[in-house]
Amino acid sequence: MPSLLTDGATTMFLDDGTVACTRQASGDDFPLIEDLHARCSSSSRTQRYRTARTGLTPSQWDRLVRRPRGRVLLTTPQDNPSCAVAMTSLAEVPGEPNVCDVAMLIADLAPHNYQGRGLGTRMADHAAELARSLNFRALSVTSSPANWRVWLIVEHLGGPTLPHTAHLRDMALLGALPSVLDAGGAVDLRIPL
């Protein structure tokens, strides 16, 4: 399995003192991505993909890492460079060349549980900085109304403050948030950069 830590990696200090490193992924990193998906619960994968997907095919991974205005970032603990614990993808939203879609998958199965340790927030900051360097003007974040971790990150990035409960969908259906709920029941928000 290829090592994740290479020149050009960004170092991040998590809330518990763990040091993580992030770098841009390539097509050769598919074994690391397969391993990352195995470190994620079905709930995490479903929240990321909005379907009961167990992983990516080699051709899906290849398309993901080769998008012209997109990037995929992989994260590993500094002391274990062959263990991917997170993936962040950035992609131009079709028909909206100034908007960058951001999505994350963070390992949540022991012993590699990296959720709730500040990694998502650090990755979001890094993704926003990278999106600015790619000349995007806004981030797009789409997730389930119940995914409160995402809404904390959206708030951190300067997006709207949303209730951190599963009642968000009910609020939208009652008309309190009519413009952010898509037909599939997910919330889609734009965050200016």
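The values are calculated or read from the model by the stated rules, or taken from the named source; none is laboratory data. The model shown is predicted, which means the values in this text are computed figures rather than measured ones. Cβ sites come from the backbone with ideal geometry, for glycine too, and all protein chains shown count toward neighbours. We work out accessible area using only protein heavy atoms, side chains counted, and drop any ligands, DNA or RNA first. Shrake-Rupley method; radii C 1.70, N 1.55, O 1.52, S 1.80 Å.
Would you please name the residue that is nearest to GLY70 (Cα to Cα), looking only at residues in segment 8-17 that are open to solvent by 30 Å² or more (accessible area, probe 1.4 Å) and either out of contact with any Cys (no Cβ under 8 Å at 6 or more places or on another chain) or at pLDDT 95 or above (or both)? Selected residue: GLY8. Is it true that PRO145 is more than 12 Å from the chain's Cα centre (by Cα) and under 22 Å from LEU32 (Cβ atoms)? For PRO145, the condition - more than 12 Å from the chain's Cα centre (by Cα) and under 22 Å from LEU32 (Cβ atoms) - is not met. When segment 102-119 is examined, which residues are found to be open to solvent by 50 Å² or more (accessible area, probe 1.4 Å) and farther than 17 Å from PHE13 by Cα? Matches in segment 102-119: LEU109, ALA110, PRO111.
A single entry from ARG63, ARG69, ARG169, ARG137 fulfils the requirement of being open to solvent by 50 Å² or more (accessible area, probe 1.4 Å) and at pLDDT 95 or above: ARG137.
Just checking, how many residues over segment 85-130 are in contact with a strand residue (DSSP E or B) (Cβ under 7 Å, 6 or more places away or on another chain) and in contact (Cβ under 8 Å) with a residue 40 or more places away in the chain? The number of residues fulfilling the criteria is 25.
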